[in-house]
Amino acid sequence: MKVLLVEDEPQLASFVKKGFEHEGYELTVGYDGRAGWSLYQQQPYDLVILDVNLPYLNGVELCRHIRAGRHRVPVLMLTALDSLADKEAGFEAGADDYLAKPFAFRELLLRARALTKRYAETGAPQLLQLADLELNLDSKIVTRAGQRIDLTTREYSLLEHLLLNQGRIVSRVDIAERVWEVDFDTTTNIIDVYIGYLRKKVDRGFEPKLIYTVVGMGYVMRDQ
């Protein structure tokens, strides 16, 4: 399970990282709001933990950025600000839970487990949508502007992964691990080839274009 922690206090970040890794989680740390947002866009996470008082982009603003996308992820906010107004601001930004500093690691872990379990139980949405593109997770049918698009199994899996992470950059390594379920071979262009196949079927003859290449980083699906 992958966790993103955005916390500008190195000692606290190290403490939380060690605790989660001891429990079998994979935790990545961003030490300011901009770094946290960049890390969030690079790969999907199962849980995001945000401090409120962050340099460059505070936790409330970062939470709003996360919620503006369509990827569902639980967000837990950590802060020394414990007033009702502060909590209200966090919840209005889309936070799922709020834990005031100082805190016991055990409580943080229990809340993290509760949030990820709750999201897992609600399940993924049955219909993934972007502009006039729709992917039905039950029937596996893909349509654009009401027109059915026939995809191979691999093309479908790639499109599903991109749609689940729409609005964020997905790296070739992530695609290889999640769609092909293999370690990434830097000598192959198979992912680029399949992105080309998808573009021909999903974007050719339609507007707006939905699949974009981010040079040196990967791919992103967005409607603008």
Checklist entry - Only one of these conditions is not met by Val73: (1) closer than 25 Å to Val173 by Cβ; (2) in a loop (DSSP other than H, G, I, E, B); (3) open to solvent by 50 Å² or more (accessible area, probe 1.4 Å). Which number is it? => result (3)
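Hey, can you tell me all the residues within segment 187-200 that are assigned to a helix (DSSP H, G or I) and open to solvent by 70 Å² or more (accessible area, probe 1.4 Å)?
Of segment 187-200, the ones assigned to a helix (DSSP H, G or I) are 190-200.
Hits for segment 187-200 are Tyr197, Arg199, Lys200.
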Item to check | Qualifying positions in segment 32-69 - under 16 Å from Gln11 (Cα atoms) and either in contact with a Ser or Thr (Cβ under 9 Å, 6 or more places away or on another chain) or surrounded by fewer than 18 Cβ atoms within 10 Å (Cβ to Cβ) (or both) | outcome: Leu50, Asp51, Asn53
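Starting from residues that are touching a Leu at 6+ places or on another chain (Cβ under 9 Å) and modelled with pLDDT of 90 or more, keep the ones in segment 116-133 and report whichever is most open to solvent (accessible area, probe 1.4 Å). Don't jump to the end; show me each part of the working.
Narrowing segment 116-133 to residues touching a Leu at 6+ places or on another chain (Cβ under 9 Å): 116, 119, 124-131, 133.
Then keep just the ones that are modelled with pLDDT of 90 or more; that gives 130-131, 133.
Values: Leu130: 5, Ala131: 52, Leu133: 0 Å².
Taking the candidates together, the pick is Ala131.
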Item to check | Failed item, numbered, when Arg172 is tested on (1) assigned by the TED database to the domain that holds Ile66; (2) under 22 Å from Leu4 (Cα atoms) | outcome: (1)
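Can you name the residue in segment 135-153 that is charged (D, E, K, R), open to solvent by 70 Å² or more (accessible area, probe 1.4 Å) and at pLDDT 90 or above and is also nearest to Lys200 (Cα to Cα) among such residues? Show your work before the answer.
Initially, segment 135-153 is screened for residues charged (D, E, K, R), giving 138, 140, 144, 148, 150.
When the remaining residues are screened for being open to solvent by 70 Å² or more (accessible area, probe 1.4 Å), the result is 138, 140, 148, 150.
Retained after the next criterion (residues that are at pLDDT 90 or above): 148, 150.
Values: Arg148: 14, Asp150: 11 Å.
Per the criteria, the residue is Asp150.
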Checklist entry - Which pairs do you get when a residue that is over 18 Å from Gly33 (Cα atoms), found in segment 1-19, comes within reach of a residue that is in a loop (DSSP other than H, G, I, E, B) and open to solvent by less than 50 Å² (accessible area, probe 1.4 Å), reach meaning Cβ atoms under 7 angstrom, with the pair 6+ apart or on two chains? => result Met1/Tyr25; Lys2/Tyr45
Checklist outcome for this item: In segment 28-70, anything at pLDDT 85 or above and assigned to a loop (DSSP other than H, G, I, E, B) is listed as Tyr31, Asp32, Tyr45, Asp46, Val52, Asn53, Leu54, Pro55, Tyr56, Leu57, Asn58
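The values are calculated or read from the model by the stated rules, or taken from the named source; none is laboratory data. Remember, predicted model here, so these are calculated numbers, not experimental data. Cβ: placed from backbone, ideal geometry, glycine included. Neighbour counts: every protein chain shown. The protein model used for the area step is the full one, side chains on, heavy atoms only, and it has no ligands, DNA or RNA in it. Shrake-Rupley method; radii C 1.70, N 1.55, O 1.52, S 1.80 Å.
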